[in-house]
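The values are calculated or read from the model by the stated rules, or taken from the named source; none is laboratory data. Please read all numbers here as calculations on a predicted model, not as lab measurements. Positions of Cβ are generated from backbone atoms using ideal geometry, with glycine treated the same way; all protein chains shown enter the neighbour counts.
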Amino acid sequence: MPASTQELLLKAAADLFYKKGYSGTSIREIGVKAGVSNSLLYHYFKNKEEMLFQIISIASQELLSSLKSIEARISDPAERLREMLLHHMITHGLRNKKQTKIVVEDHYWLKGKRKAIVDDYQREIRAIYMKTLREMIEQNEMEDINLTVLSFSIFGMINWFFRWYKEGGGLRPEDIGDTIVSFIFHGISKQ
């Protein structure tokens, strides 16, 4: 099925935001890349920030949905955390590499209601991780450490992965994911 004009515009915006950053991309460039006139572009989106919001919202909703699915499917919190981390980094993250980079690096350009909506998605994602970590503490599977610091540290590792990982390099994503998960578990598990 051919992509809609709105989908073409979002794809063009994601490609350009990924390569040049949000601030380095003009709305005119997005229209040219999508093969859409400025007047038609403005029919679909009020401005560039609305495109950024759509890209980030879609990626955040997809990640949140998949994490909720993992949470519902896996009862053991340690196994759930492992699955969530691998999915977040490898399955979702690399499949949506451009959108993930945009979420991490350009979300701060959003203002007002758009920012609040995206912040709510991020809080929900963090809450799923926090609940799983709390369950691990309750089951005596990990040290009773500050979960705020731990969750932000985990997100830091996940987000940094997207800055340095190069496709086609000497490291396979699955091996990197396993190593990062192992590192996290060795750091939090009771000795």
Output the number of the condition that LYS20 fails; it satisfies all remaining conditions of (1) surrounded by 16 or more Cβ atoms within 10 Å (Cβ to Cβ); (2) not assigned by TED's automatic domain parsing to the domain that holds TYR129. (1)
Taking the residues in the stretch 23-34 that are closer than 22 Å to LYS111 by Cα and of a type in the set (Gly, Ala, Ser) as candidates, determine which candidate is surrounded by the most Cβ atoms within 10 Å (Cβ to Cβ). SER26
Residue by residue through the stretch 13-61, note down the ones that are in a helix (DSSP H, G or I) and either in contact with a His (Cβ under 7 Å, 6 or more places away or on another chain) or among the polar types (S, T, N, Q) (or both). ASN38, SER39, GLN54, ILE56, SER57, SER60, GLN61
Kindly provide the set of residues from the stretch 165-190 that are of a type in the set (Asp, Glu), within 18 Å of the chain's Cα centre (by Cα) and either buried (at least 16 other Cβ atoms within 10 Å of the Cβ) or part of a helix (DSSP H, G or I) (or both), ordered by number. GLU174
Taking interchain pairs and intrachain pairs at least six residues apart, which have beta carbon atoms under 6 angstrom, with the first residue in the stretch 42-68 and in contact (Cβ under 8 Å) with a residue 24 or more places away in the chain and the second part of a helix (DSSP H, G or I) and surrounded by fewer than 16 Cβ atoms within 10 Å (Cβ to Cβ)? LEU64/GLU124
Pick from MET136, MET130: which is within 21 Å of SER69 (Cα to Cα), in the same structural domain as PHE53 (by TED's automatic domain parsing) and touching a strand residue (DSSP E or B) at 6+ places or on another chain (Cβ under 6 Å)? MET136
Give the stretch 120-161 a look and list any residue that's aromatic (Phe, Trp, Tyr) and surrounded by fewer than 17 Cβ atoms within 10 Å (Cβ to Cβ), or say none. PHE152, PHE155, TRP160
LEU8 being in contact with a Gly (Cβ under 8 Å, 6 or more places away or on another chain), within 24 Å of TYR121 (Cα to Cα) and not basic (Lys, Arg): no
Unique residue being among the β-branched types (Val, Ile, Thr) and closer than 27 Å to MET51 by Cα when the list is VAL103, VAL149: VAL103
Matching residues, the stretch 96-115, being in a helix (DSSP H, G or I) and farther than 18 Å from ASP15 by Cα: TYR108, GLY112, LYS113, ARG114, LYS115
